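Below is one structure, written out as structure tokens; comments come after it.
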Amino acid sequence: MSGSRLAYLQAMDIVVWRARPMSALQTPVVIPEQDAPAPVIKPSDDAWHALQSRVRECRACRLHEGRTQTVFGVGDPQAQWMVIGEGPGADEDQQGEPFVGKAGQLLNAMLAAIGLARSAVYIANIVKCRPPNNREPAADEVAACIGYLRAQINLIRPRLILCVGKVAANNLLGNDEAIGRMRGTVHRYQNIPTIVTYHPAYLLRSPLEKRKAWDDLKMARRVAQQGL
Ligand code: SF4
């Protein structure tokens, strides 16, 4: 195991048992590129750029009033994985990129632990502007904004969606379930397998739950590889 991968697993509080080198935990992960569906868009495609422009100019809900800038998303628009969170926080609002700061670093570690670089996935949020005081987005704000996320998903057509946190999962999947009830099940969003796990910001506050998040990530990896 490389030193960097070991460090990522340690960031996830995953104990590596060196006496079992063939365990699934230690098997190097290869996301089978050759099995990927044919890319449907390129970063330069008109539809993608038009969507970016619309979001940049959007004033469809009150959240535009307090934003520094919109946070469209980051990563590879031809990614096989999409990670979907709730909304920008203060760091994200300043930098214009989702999942930066400590929660972002943990998300990067989570992805790296299953062999995925941040740049190889696409990361976006339910709402594109920061809710004040880091509150949850209100229902009318989600209703105004979620069409942009749906359009992003339709353009990317990922092989797997990873929803991080209850707000992201409830709004994408259209339910009101607790996160504990959504974990461990393969959901479907427009027939795309969707896995739910904890938000990294929650994991920073509740590190004992990292073990469960690790289980979710392994499940997501398995689903993505097997195309369930
Ligand atoms: S949160 Fe979404 S709908 Fe509201 S102003 Fe920002 S981009 Fe527009």
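The values are calculated or read from the model by the stated rules, or taken from the named source; none is laboratory data. All values reported here derive from a predicted model rather than from experimental measurement. For neighbour counting, all protein chains shown are included, and Cβ atoms are generated from backbone atoms with ideal geometry for every residue, glycine included. We work out accessible area using only protein heavy atoms, side chains counted, and drop any ligands, DNA or RNA first. Shrake-Rupley method; radii C 1.70, N 1.55, O 1.52, S 1.80 Å.
Kirkwood-type hydrodynamic radius, region 80-147: 12.6 Å, calculated from all non-identical alpha-carbon pairs. Sorted on the mean count of surrounding Cβ atoms within 10 Å across their residues, most packed first, peptides 185-198, 50-63 read 185-198, 50-63.
A straight Cα-to-Cα reach below 20 Å connects Lys128 with the lysines Lys102, Lys166, residues fewer than 8 places away in its own chain not being considered.
Expressed per residue, the C-alpha convex hull volume of region 152-213 stands at 87 Å³. Counted over all Cα-Cα pairs of region 69-219, pairs farther apart than 24 Å make up 23 percent.
If R0 is taken as 22 Å, the Cβ-Cβ distance between Asp91 and Arg205 corresponds to a FRET efficiency of 0.85.
Put Glu141, Glu136 in order of accessible area, highest first, and with a 1.4 Å probe you get Glu136, Glu141. The 1.4 Å probe gives accessible areas that order Lys102, Lys218, Lys212, largest first, as Lys102, Lys212, Lys218. Using only alpha-carbon positions in region 186-228, the gyration tensor eigenvalues give semi-axes of 23, 11, 6 Å once each is multiplied by 5 and square-rooted (largest first). Report note on the peptides 86-92, 175-181, 73-79: ranked by the mean count of other C-beta atoms within 10 Å, highest first, their order is 86-92, 73-79, 175-181. Using 0.36 nm per residue and subtracting the Cα-Cα separation, the extra length available between Ile192 and Ala138 on full extension is 16.9 nm.
Stretching the chain fully between Asp176 and Leu155 yields a gain of 4.9 nm (0.36 nm per residue, less the alpha carbon separation). By a 1.4 Å probe calculation restricted to protein chains, Ser119 has an accessible surface near 90 Å², given to the nearest 10.
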